[in-house]
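Take a look at the structure set out below.
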Amino acid sequence: MTAKTLYDKLWDAHVVRADEDGTTLLYIDRHLVHEVTSPQAFEGIRMADRKLWRTNANLATVDHNVPTTDRSKGITDPFSRLQVETLDQNCKDFGITEFAMNDPRQGIVHVIGPEQGATLPGMTLVCGDSHTSTHGALGALAFGIGTSEVEHVLSTQCLIQKKSKNMLVRVDGQVGNGVTAKDIVLAIIAEIGTAGGTGCAIEFAGDAIRDLSVEGRMTVCNMAIEAGARAGIIAVDDKTIDYVKGRPFAPTSELWNKAVSAWADLHSDKNASFDHVVQLNAKEIKPQVTWGTSPEMVVSIDANVPDPANESDPVKSEGMQAALRYMDLQANKPINEIYIDKVFIGSCTNSRIEDIRAAAQVAKGRKVASNVKLAMVVPGSGLIKKQAEDEGLDKILIKAGFEWREPGCSMCLAMNADRLESGERCASTSNRNFEGRQGQGGRTHLVSPAMAAAAAVAGHFVDVRELD
Amino acid sequence: MKKFETFRGIVAPLDRSNVDTDAIIPKQFLKSIKRSGFGPNLFDAWRYLDNGEPGMDNSQRPVNPDFVLNQSRYKNASVLLARKNFGCGSSREHAPWALQDFGIRVIIAPSFADIFYNNCFKNGLLPVVLEDAVIDTLFNEVAAFNEITTFNKKEVTALPGYQLEIDLKTQSIKTPSGAVISFDVDAFRKDCLLHGLDDIGLTLQHVEEIKAYEHRRQQEAPWLF
């Protein structure tokens, strides 16, 4: 038998039919639904008078539009409110389980999937959101889809796909103290670029990946899309199994044992061949900070803002100049001299319990700097919020001057009221530093939760390892 | 879905790499529960000088005269010429909806982000990948053409913009000089575009196979059901 990659195995197990040219009908085990990319899909189903193929394969929540402040008065913005109410109604009409705004299990769709055990190893999982790659951390084939495909999955439980290429990103060795999953994935994007994984499913491997918690692995897979890959995956190991065990949607007793033995095969075979292999040395990775308007515009905390004059490719150099203009930064400025206005700790990239712990650890006994107008921590789900409160993390953060909010996507994309004003500069644990992403004219620097908290207390970027 | 037929269209040059879907259609417009009406907010932050919000009368907003689609010769553009990694970022299908609502039918770039590329075909929009060198030539030809059609720094609007003729059937693009550039496209996607086929309808022709798969899978991995 030929050696297979993990991606090959996941793919092969889900082929319903394949044409000679490789066009494949791929079966989808789990579909996560949120309010932004689904209304037109439900409308399409109604118009065509179709039914859902398998209602219990779907799980819905509201995350993009929900307020992170007091929810007792509902949603003020009429457009946001309509979108949230539309999902509530669609879930009711079609019988889909939904964690609505005031459900304690509500949260960011990519946080609650794994948290509930709705994401399982070996699954195919899709959602109308590009950061669906997150779920690959559990050894699932997970990728983002558009609204037409949301409708397609709802009505057929399948997608028409062509197989991607296999890419292996191996991070060998161990990272130093203060270097996190976020720094690893930003370093990977720095290495391969935002289109480096286009057309590929990336498997992340190597000691530095194995050493990460499952939450950390989710951070890495989450940003596979920022490297151009629709899917990021990580082999199943004991940590994965321990993580899944006992979660509400996970199998139990006999079925659990059967599943665990099947999951033992969810890794690439020893001699499996990859179309592309990239190797990084974990020891060389330092805390990362983006300086531009694309996640590949990233450097280490001890570096300076790059100089477009040193870039030989004219298109690239012009892109760098445009980014510096937008970010209002001068070339060669030391990163740790960049002052910030706001701090956002949250998003499907970094809003899990260990992210909040990391922020609280830095915040403990310190104060948010006076030049920082707002430092907010937005947990990824209601359950994470509760866990953090049980651990007393909220008190540490509030005492240091952070705001402690209700769960949602919040200022990662600023669809709700949380946003940057024009010209404001933010240290953000989210995933995209595109122009206007966090609010029109806003300037985003992507960092890890520890680095964001360090920037909050220092007022500017600072190496969290050297914080006084 | 609308059939994609051979057509001739004005080319608007958008000389940027990594044009992301947040730029194509900013998030505040994603609050709509409809599939149409996104065209006036296509490239909103680049196109207008004020902050756009849903519900605004876009015809009353101050436009950015430097943005390419605001130049009168591109008002009726249906081909967008861009640089690498076009459509990166979010999976929002509102991006192709906005492009199509504006009147764009073809996007030509050296590379596209996967999800965006896929979303285009679901909406009768043709993304064409051409080599960097060919893209450079097209940008140069558009620029040269505009120089001829500009008199005393003023656009001669009576003259139409640079046009390309796109034939999906023969997978070829004809330039004004008569040169023919061929391009690759997946056979299945091409067929769907040419005939305006609905993916769901096609898949539902295989109901029995899906059921058979589910039956088999339920034996192998019952915890998934």
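What to note about this one:
- Only one of A:Ala417, A:Ala359 that is open to solvent by 20 Å² or more (accessible area, probe 1.4 Å), touching a residue at least 60 places away in the same chain (Cβ under 8 Å), within 18 Å of A:Ile108 (Cβ to Cβ) and not in a strand (DSSP E or B): A:Ala417
- Count of residues meeting criterion [open to solvent by 30 Å² or more (accessible area, probe 1.4 Å), within 14 Å of chain B (Cβ to nearest Cβ) and touching a residue at least 60 places away in the same chain (Cβ under 8 Å)] in the stretch A:166-195: 1
- Condition check for A:Ala208: surrounded by fewer than 23 Cβ atoms within 10 Å (Cβ to Cβ), in contact (Cβ under 8 Å) with a residue 24 or more places away in the chain and assigned to a helix (DSSP H, G or I): no
- Within the stretch A:265-309, considering residues that are hydrophobic (A, V, I, L, M, F, W, C) and open to solvent by 40 Å² or more (accessible area, probe 1.4 Å), the one nearest to A:Leu329 (Cα to Cα): A:Ala309
- Considering the stretch B:178-192, and only residues there that are within 25 Å of A:Gln161 (Cα to Cα) and in contact with a helix residue (DSSP H, G or I) (Cβ under 7 Å, 6 or more places away or on another chain), the residue that is most open to solvent (accessible area, probe 1.4 Å) turns out to be B:Arg189.
- Any hit, the stretch B:162-185, residues being within 11 Å of chain A (Cβ to nearest Cβ) and of a type outside the set (Phe, Trp, Tyr): no
- Of everything listed in (1) part of a loop (DSSP other than H, G, I, E, B); (2) within 14 Å of another protein chain (Cβ to nearest Cβ), the single unmet condition for A:Thr444 is (1).
- Those residues of the stretch B:186-225 which are within 20 Å of A:Asp21 (Cα to Cα), in contact with a strand residue (DSSP E or B) (Cβ under 8 Å, 6 or more places away or on another chain) and more than 7 Å from chain A (Cβ to nearest Cβ), in sequence order: B:Leu193, B:Leu202
- Considered as a group, the residues in the stretch A:381-414 that are open to solvent by 20 Å² or more (accessible area, probe 1.4 Å) and among the hydrophobic types (A, V, I, L, M, F, W, C) include one that is farthest from the other protein chains (Cβ to nearest Cβ), and that residue is A:Ile396.
- Remark: A:Arg54 matches the filter, which requires a residue to be among the basic types (Lys, Arg) and touching a residue at least 24 places away in the same chain (Cβ under 8 Å).
- Condition met for B:Thr175 (modelled with pLDDT of 95 or more, closer than 30 Å to A:Thr156 by Cβ and either more than 21 Å from the chain's Cα centre (by Cα) or open to solvent by less than 70 Å² (accessible area, probe 1.4 Å) (or both)): no
- Selection within the stretch B:69-107: residues that are among the hydrophobic types (A, V, I, L, M, F, W, C) and within 14 Å of another protein chain (Cβ to nearest Cβ). The member of this set that is farthest from A:Asp129 (Cα to Cα) is B:Leu81.
- Out of B:Arg73, B:Arg35, one residue alone is open to solvent by 50 Å² or more (accessible area, probe 1.4 Å) and either in contact with a helix residue (DSSP H, G or I) (Cβ under 7 Å, 6 or more places away or on another chain) or in a helix (DSSP H, G or I) (or both). It is B:Arg35.
- Qualifying residues in the stretch B:116-130 (those that are touching a helix residue (DSSP H, G or I) at 6+ places or on another chain (Cβ under 7 Å) and open to solvent by less than 10 Å² (accessible area, probe 1.4 Å)) - the one farthest from the other protein chains (Cβ to nearest Cβ): B:Leu126
- Qualifying residue in the stretch B:66-85 (condition: in contact (Cβ under 8 Å) with a residue 40 or more places away in the chain, polar (S, T, N, Q) and under 17 Å from B:Phe112 (Cβ atoms)): yes
- Test result for A:Arg105, more than 12 Å from chain B (Cβ to nearest Cβ), basic (Lys, Arg) and surrounded by fewer than 21 Cβ atoms within 10 Å (Cβ to Cβ): yes
- Exactly one residue out of A:Glu151, A:Glu98, A:Glu85 is farther than 30 Å from A:Gln279 by Cβ, open to solvent by 10 Å² or more (accessible area, probe 1.4 Å) and more than 13 Å from every other protein chain (Cβ to nearest Cβ): that is A:Glu98.
- Residues in the stretch A:108-139 that are open to solvent by 10 Å² or more (accessible area, probe 1.4 Å) and either away from chain B (no Cβ under 11 Å) or aromatic (Phe, Trp, Tyr) (or both): A:Glu115 only.
- Residue ID - surrounded by the fewest Cβ atoms within 10 Å (Cβ to Cβ), chosen from residues in the stretch A:52-73 that are within 11 Å of chain B (Cβ to nearest Cβ) and farther than 15 Å from B:Lys31 by Cα: A:Asn56
- Residue within the stretch A:230-237 that is open to solvent by less than 20 Å² (accessible area, probe 1.4 Å), within 13 Å of chain B (Cβ to nearest Cβ) and more than 21 Å from the chain's Cα centre (by Cα) present: no
- Apart from one condition, A:Asn332 fits all of (1) without any contact (Cβ under 8 Å) to a residue 60 or more places away in the chain; (2) surrounded by 14 or more Cβ atoms within 10 Å (Cβ to Cβ); the exception is (2).
- Test result for A:Asn431, open to solvent by less than 40 Å² (accessible area, probe 1.4 Å), closer than 27 Å to A:Asp77 by Cα and modelled with pLDDT under 95: no
- Residue match in the stretch A:315-328 (condition: among the β-branched types (Val, Ile, Thr), at pLDDT below 95, open to solvent by less than 70 Å² (accessible area, probe 1.4 Å) and outside any loop (DSSP other than H, G, I, E, B)): yes
The values are calculated or read from the model by the stated rules, or taken from the named source; none is laboratory data. On a predicted model such as this, the values are computed, not experimentally measured, just so you know. With ideal geometry, Cβ positions are generated from the backbone for all residues, glycine too; neighbour counts draw on all protein chains shown. Heads up: the accessible areas ignore ligands, DNA and RNA and are worked out on the full protein's heavy atoms, side chains in. Shrake-Rupley method; radii C 1.70, N 1.55, O 1.52, S 1.80 Å.
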